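Engineer: Can you keep this structure in mind? I'll have questions shortly.
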Amino acid sequence: MAIALRQLWQKLSERAPAGYRPGLTLEKVQRNLGLDSFEVVAPGLGRFDWAGQAVQVRERCEAQLLMHLVLTEFSLTLPATGQGNARLELHHSGSWRRSGLRVRLRKGELALQAELQRRLQAEAALLQALMPLDFKRLLLERCDGQWTLTLEHIGASEVVNRLPAFRRYIRLSPEQHQHLLAALQGLPALLAGL
């Protein structure tokens, strides 16, 4: 019985929730960013050029009980010189106030974590952009000779509730917009040569 319930829940969680309209949040993000190079590639998927890099923007839907969230992921693909697979996360440190940035190793060598932490502390401009940036997740993955950087911002997302029915877009403030673009410009230099 427990296995059948688990399989049913898995099937329901794979399906897009009722009320999810692919591309609707992305249109709002496009207007919010205000970049001429932004183009919609597919429903829920877009891209723009920034600082010589192609930045991919993707909607990610997260279902809750009577609501769902449509989150926006910004990602870059960069060449990697190092061998092997690695998975690292950057997060803010400090319980009440942000006191710094930490690199958490999920997969790979400990030396890579230490080197990335050292480089992060040396990049003053990148730290200046990342410290006030309200990101939910910043993931760095090395696989098949390339880095994939995925940044999920708290803003540029939408909350859709079924009972009571409402839909609210959480916009990217002008300050967060500037910090996001500065971070997307500085992160490739952080990963260069790793």
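Bear in mind these aren't lab numbers, they're just calculated from the coordinates by the rules spelled out. Just so it is clear, the model here is predicted, and its values are computed rather than measured. A quick note on method: Cβ atoms are made from the backbone with ideal geometry, for glycine too, and the neighbour counts reach across all protein chains shown.
Engineer: Can you sort ILE170, ILE3, ILE154 from fewest to most other Cβ atoms within 10 Å of each residue's own Cβ? Please list the in-between numbers first.
Structural biologist: Numbers: ILE170 18, ILE3 7, ILE154 15.
Exposure proxy ranking, most exposed first: ILE3, ILE154, ILE170.
Engineer: Shifting gears a bit: Considering every Cα-Cα pair within the range 2-191, what fraction, in whole percent, is farther apart than 29 Å?
Structural biologist: When all Cα pairs of the range 2-191 are counted, 30 percent exceed 29 Å.
Engineer: Under the classification rounded if a/c is under 1.5, otherwise prolate if a/b is larger than b/c and oblate if not, where does the range 69-129 fall, given a ≥ b ≥ c as square roots of the Cα gyration tensor eigenvalues?
Structural biologist: Since a/c reaches 1.5 but b/c is at least a/b, the shape of the range 69-129 is classed as oblate.
Engineer: Same structure, new question: Could you work out which residue, out of PRO22, PRO164, PRO174, moves most in a Gaussian network model of the chain, that is, has the largest mean-square fluctuation with Cα springs under 10 Å?
Structural biologist: Taking springs between Cα atoms under 10 Å, the residue moving most is PRO164.
Engineer: By counting other Cβ atoms within 10 Å of each Cβ, how are SER157, SER95, SER75 ranked from fewest to most?
Structural biologist: Lowest count first: SER95, SER75, SER157.
Engineer: State whether the range 96-157 is rounded, prolate or oblate according to the following rule on the C-alpha gyration tensor (a ≥ b ≥ c being the square roots of its eigenvalues): a/c under 1.5 gives rounded; otherwise a/b larger than b/c gives prolate, and the remaining case gives oblate.
Structural biologist: Working: a/c = 1.91, a/b = 1.27, b/c = 1.51.
Oblate is the answer for the range 96-157, as a/c is 1.5 or above yet b/c matches or exceeds a/b.
Engineer: A follow-up question, please. Cut-off is 10 Å between beta-carbons; in what order do THR148, THR77, THR72 appear when sorted fewest neighbours first?
Structural biologist: Lowest count first: THR77, THR148, THR72.
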